[in-house]
Each structure stands twice: as C-alpha cells, then as structure tokens.
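Structure first, commentary second.
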Amino acid sequence: MLGKLLKYDLKWCFKPLVVFYILAIIFSIITRMIESVDQTLILLIMDKICSGVVIAMLINILINCLMRNWVRFERNIYKDESYLTHTLPVSKNKIYLSKILTAIITLFVSFIIIVICLAIVCLNDITWYSLKLSLEQSAIFLNSSPLSLIIVLIITIFFEFLFMILSGILGIVIGHRSNNMKIVKSILIGMGIYMGLSLFSLAIIYMAGILSPDIMSVFNNIKVSSNAIKSIMIIGIFVYAIYNLMIYFIGNALLNKGINVD
C-alpha cells in the first residue's frame with residue numbers, strides 16, 4: 001500500500017514539475033547552441049532572453065518543488081481529499097512516510113535537473129578548466145579531494161532544502177491542530193521552526209568555536225583556516241541530518257495523536 005500511496009503522491013507533485021524540467025532543458029540547449037556560434041546583435045539578444053528563461057525555470061523548479069509538497073500534504077491529509085485518504089486500509093505512519101519520501105525524491109530529481117541544465121549552459125572548455133582548477137585548489141586548501149568536496153557541498157545544500165520542506169510540513173501538522181486560522185498558523189509555525197533551528201545551528205557552531213580557535217576565526221573576522229571550513233561543513237551536515245530526523249518523528253507522532261479534518 002505504501003507503494004501505491006507513493007505512486008499517487010509522486011504523480012501529483014511531478015505533474016507541473018515535469019513541465020518546468022522540460023522547458024529548463026530545452027532553453028538550456030538553445031542557450032548553449034546560440035553561444036556556440038559567432039554572436040550578432042540578434043543572437044546576443046536571444047542569448048540573454050534564453051539565459052533569463054533558464055534562470056527563471058530553475059528558480060521555479062525549486063519553488064514548485066517546495067510548494068507542491070506542502071500543498072499535497074495539506075490537501076491529502078486535512079482538506080477534501082482527506083476523507084478518502086483516511087478511509088484507506090493503511091496506517092497514518094505510512095501516509096506520513098509516503099509524503100516524506102515524495103519530498104525527498106522530488107527534491108533529489110529537481111537537483112539533478114538543475115545540475116544538468118547548469119552543465120549544459122555553463123560548461124565549455126574554458127569554464128570546465130576554471131571549475132576544475134578552482135575545485136582542485138579548494139580541495140588542496142581543505143586537504144581533501146575534488147570529488148569529496150563536491151559530494152559534501154551537494155549533501156549540505158540538499159539537506160538544507162529538505163529541512164525547509166520538512167519544517168513546512170511540521171508547521172502544517174501543528175497549525176492544523178488549532179480550531180481557527182490554520183493556514184496562517186501553519187505558515188508562521190513553519191517559518192518559526194526553520195528560523196529558530198537555523199539560529200540554533202549558528203549557536204552550535206559558536207559553541208564549537210569556544211572549544212576550537214579555528215572555528216572561532218569565522219566569528220572574529222580573521223583569516224579562516226581550512227580546518228574551520230571543514231569542521232563547519234561537517235557540523236552542518238550532522239546538524240541538518242538530526243533536524244530532519246527529529247522533525248520527521250515529531251510530525252509522525254503528532255499526526256498519530258489525531259487529525260482535525262477541515
């Protein structure tokens with residue numbers, strides 16, 4: 001049953017996202033083709049327009065990925081669709097898990113599409129050499145390999161956006177436990193969770209800086225060492241992983257305590 005729930009959740013969330021995926025890839029290819037030939041005034045104007053469209057599509061991909069997961073969660077669990085959802089022979093745990101897995105999958109696919117589009121538009125012999133050189137220099141500075149540096153950066157950014165989605169979902173769960181102004185409360189609570197835990201993360205880094213002079217250099221406006229950057233990146237991944245797990249279990253527990261269907 002979890003598979004069927006996941007199938008319908010993914011289908012609903014991907015329906016508009018696929019359109020943005022296709023448009024982003026098409027305009028990325030067009031932009032690359034225009035930039036590969038000698039530039040005239042008309043081609044230069046077309047290049048700027050297509051580049052702007054690509055940027056707009058990539059931003060829309062991220063925004064719609066966040067919004068579709070939040071809207072799906074609310075409609076499917078608290079609005080009209082909820083009457084069908086809660087009559088299914090499946091536990092609230094699986095319903096909630098399906099929504100979280102949908103968020104993870106849609107975000108992961110969106111990240112892949114964004115990377116592909118950026119690679120199509122930006123990567124040529126010159127930019128590839130510059131990027132490779134920058135990564136190698138950063139890897140040497142951090143005493144790491146370029147591949148591990150890329151992986152750490154991608155994981156950190158991915159966990160950050162997943163944290164945003166889960167904060168919004170938990171905000172919806174808590175907000176809909178009240179009797180009025182549920183939407184407003186859900187938004188405010190979701191923003192409060194995200195901002196509050198983000199500030200708490202900063203406090204954690206600062207406390208780690210008390211124990212480590214290298215990390216404290218970030219707050220003292222002095223030259224930041226490679227150890228400080230590596231430590232902050234590791235702390236960031238660890239903290240976001242804990243946040244995401246914590247939000248998942250809290251949301252699941254609250255959902256199992258009861259649902260007030262609108």
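Values in this text are rule-based calculations from the coordinates and carry no lab data. Remember, predicted model here, so these are calculated numbers, not experimental data. When we count neighbours, we look across all protein chains shown, and the Cβ atoms used for this are built from the backbone with ideal geometry, even at glycine.
General observations
- Other residues within the sphere of radius under 15 Å centred on the Cβ of Ile55, judged by their own Cβ, net out at 0 (K and R +1, D and E -1).
- When the convex hull of its Cα atoms is projected in every direction, mean area for the range 21-122 (nm²): 7.4 nm²
- Length added when fully stretched, Met33-Met246, from 0.36 nm per residue minus Cα-Cα: 72.0 nm
- Estimated D of the range 1-68 in µm² per second, where Rh is the Kirkwood radius over Cα pairs and Stokes-Einstein applies at 20 °C, 1.002 mPa s: 158 µm²/s
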